[in-house]
1. What full-extension length gain, to one decimal in nm, is calculated for residue 36 and residue 69 as 0.36 nm per residue of separation minus the Cα-Cα distance?
2. Quote the FRET efficiency, to the nearest 0.05, computed for residue 43 versus residue 89 with a Förster distance R0 of 30 Å and r equal to the Cβ-Cβ distance.
3. Please list 3J(HN,Hα) in residue order for segment 50-60, calculated via the Karplus relation 6.51 cos²θ - 1.76 cosθ + 1.60 where θ = phi - 60°; whole Hz, with x for glycine and proline.
4. Return 57, 33 ranked ascending by Cβ neighbour count within 10 Å, so the fewest neighbours appear first.
Amino acid sequence: MTQSQSQSSEPEHTPPATRGATPLSLAARVLLFLMIAAVYVLHQDFWNWRKADPLVFGFLPIGLAYQAAYSILASAMMAVLVACAWPKQLEEQDPPGK
């Protein structure tokens, strides 16, 4: 065994999906899944397809305003997912000699 292998802080048998990742509880996983499902369902805005009234801010059709608000919601959801579920090992950098 080489010196670099013996200095590894993580066991070799740890699955790649869990190495360095903060483990999420089942409740957290369910909440994240429900958040994704809710945002997906909200994207199907069939109720705004055939109407342009009311105009938001006096010039913006309601469907376009809804899509703008949805984009902000989707961005916030991605920020939450990155903060809660992003695998930590993707952020670790290898030393220059590797």
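Bear in mind these aren't lab numbers, they're just calculated from the coordinates by the rules spelled out. Note that the structure is predicted; figures quoted are calculated from it, not measured. Neighbour counts are summed over all protein chains in view; Cβ atoms, including those assigned to glycine, are modelled from backbone coordinates with ideal geometry.
1. Working: separation 33, 0.36 × 33 = 11.88 nm, distance 1.59 nm.
Value of the extension gain: 10.3 nm.
2. 0.45
3. 10, 10, 10, 9, x, 8, 7, 6, x, 9, 9
4. 57, 33
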